[in-house]
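These notes are about the structure you will find just below.
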Amino acid sequence: MILKTIQEQFASRQNTNLSRNISTQISVESDLNVDYSEEIPELRSDILNATRELLFELESSSRNIAEDADKHIHSNDVVLTLGKSRTVETFLKRAAKKASFEVIVSECAPFRLGHDLAKSLAKSRIQTTLITDSAAFAMMSRVNKVVIGTHTVLANGGLKAIAGSHLVALAAKYYNVPVIVLSPLYKLSPEYPRSVKIRNRFVSPESLVDYSDGLFVEKTQIYNPLFDYVPPELISLFIFNM
């Protein structure tokens with residue numbers, strides 16, 4: 001957002017005959033021809049304003065999404081989620097002010113972020129059950145809806161979400177359970193799943209294997225991805241901060 005503001009200012013200054021809509025769509029080639037050494041007095045204030053807007057959206061997005069919680073979660077519902085999402089946590093706690101329901105939290109191994117969410121929800125007196133990821137399919141038959149967050153919403157409506165999300169979405173599809181995705185607007189991406197900019201991230205497998213077992217580690221390829229791709233046909237509803 002900040003870089004976009006800078007590009008817009010320089011491009012609009014040096015392309016005064018172009019409309020604002022055209023000048024904001026700067027290609028890599030045209031960007032190379034922009035002279036960024038020119039002094040623009042109003043640039044500082046524009047950058048500060050853009051920074052304030054971004055910070056405000058980051059701080060308020062979860063609260064704004066949570067305002068619709070009571071419209072989607074009702075008394076006696078059984079809601080399944082996974083990992084720990086601040087947006088999902090705020091959403092569920094807001095819903096709990098008007099309804100009594102149960103939350104099933106898939107632990108999201110190997111990082112087990114779901115443990116933190118389960119503790120937080122339990123402290124808020126929300127009936128919470130923590131399960132292993134492999135139990136998601138078995139538990140889905142008694143679930144009314146799945147509520148998850150996401151890292152990125154892709155241009156085709158798919159998700160780049162925490163590892164384990166695809167498994168949960170497939171189980172929900174099998175049992176015809178709606179999958180609700182909570183996402184701030186800044187997570188919308190113009191990229192498609194096959195774009196080189198949308199890549200998975202792999203971290204050390206030390207949480208999966210014991211390095212003391214050298215023979216096993218030496219002869220085994222071990223992958224520990226952070227994200228899943230969830231295709232759009234597995235998603236029922238998006239809730240944005242609008």
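The values are calculated or read from the model by the stated rules, or taken from the named source; none is laboratory data. Because the structure is a prediction, the values reported are computed rather than measured. Because the Cβ atoms are built from the backbone with ideal geometry, glycine has one as well, and the counts that use them run over all protein chains shown. Surface accessibility is based on the protein's heavy atoms, side chains included, excluding ligands, DNA and RNA. Shrake-Rupley method; radii C 1.70, N 1.55, O 1.52, S 1.80 Å.
What to note about this one:
- Report note on the peptides 134-141, 41-48, 61-68: ranked by the mean count of other C-beta atoms within 10 Å, highest first, their order is 61-68, 134-141, 41-48.
- Take every DSSP beta bridge whose two residues both sit in the stretch 154-242; close to 60 percent of them are antiparallel.
- Area of H151 that stays accessible when all protein chains are in place (1.4 Å probe, Å², to 10): 80
- Rh (Kirkwood; distinct C-alpha pairs) - the stretch 134-213, Å: 14.6
- Using a cut-off of 28 Å between Cα atoms, the listed pairs K98/K123; K71/K119; K93/K160; K160/K219 include K160/K219 as exceeding that distance.
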